[in-house]
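Inspection log for the structure reproduced underneath, given as structure tokens.
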Amino acid sequence: MLFDYLTLFILALLSATLLPGGSEVYLLTLSQKPEYALSILWLIATLGNTLGSAINYILGRYLLHWKNKKWFPVTQKQLDKSQHWFNRYGYWSMLLAWAPLIGDALTLIAGMMRMHFGLFILLVLIGKGVRYAIILGLLQLI
């Protein structure tokens, strides 16, 4: 059991970073086994996924140290556009950190824009917690 919980945590963490994960499939697989409490599975997946987003935030926070390097993957124009977008939609966009494709970028941009870390974690935790609750809740309807 411990191995399964640890695997779920790692998959959830990885799927929130720029690396591929697949926590939803594993979460749904474990949730079908009666020995696993849904609340514990939800908590582990939510915390792992939130920690993965925190890693993106930290990477974004320190990424700008190299913005003047030739190899830096983002142009100043792209940085300005990201900052404008973030200023327009603000910290509430962190509630969408769970979303495929844009979620990882949002958390990276939040770090680059030096969003308050406590507020970042709170909003990401809420968004990801709701997402996993919906996934588990929909499963119960089937």
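The values are calculated or read from the model by the stated rules, or taken from the named source; none is laboratory data. Quantities reported herein were computed from a predicted structural model and do not represent experimental measurements. Every residue, glycine among them, receives a Cβ derived from its backbone with ideal geometry; neighbour counts consider all protein chains shown.
On the basis of being touching a residue at least 40 places away in the same chain (Cβ under 8 Å), closer than 30 Å to residue 139 by Cα and part of a helix (DSSP H, G or I), does residue 7 make the cut?
no
Where the second residue is at pLDDT below 80 and assigned to a loop (DSSP other than H, G, I, E, B) and the first is surrounded by 10 or more Cβ atoms within 10 Å (Cβ to Cβ) and lies in segment 65-82, which pairs have Cβ atoms under 6 Å and are six or more apart or on separate chains?
66/72
Of the residues 103, 111, which is more than 29 Å from residue 29 (Cβ to Cβ), in contact (Cβ under 8 Å) with a residue 40 or more places away in the chain and within 14 Å of the chain's Cα centre (by Cα)?
111
Among (1) of a type outside the set (A, V, I, L, M, F, W, C); (2) in a loop (DSSP other than H, G, I, E, B); (3) farther than 15 Å from residue 127 by Cβ, which single condition is residue 62 missing?
Among (1) of a type outside the set (A, V, I, L, M, F, W, C); (2) in a loop (DSSP other than H, G, I, E, B); (3) farther than 15 Å from residue 127 by Cβ, the lone unmet condition for residue 62 is (2).
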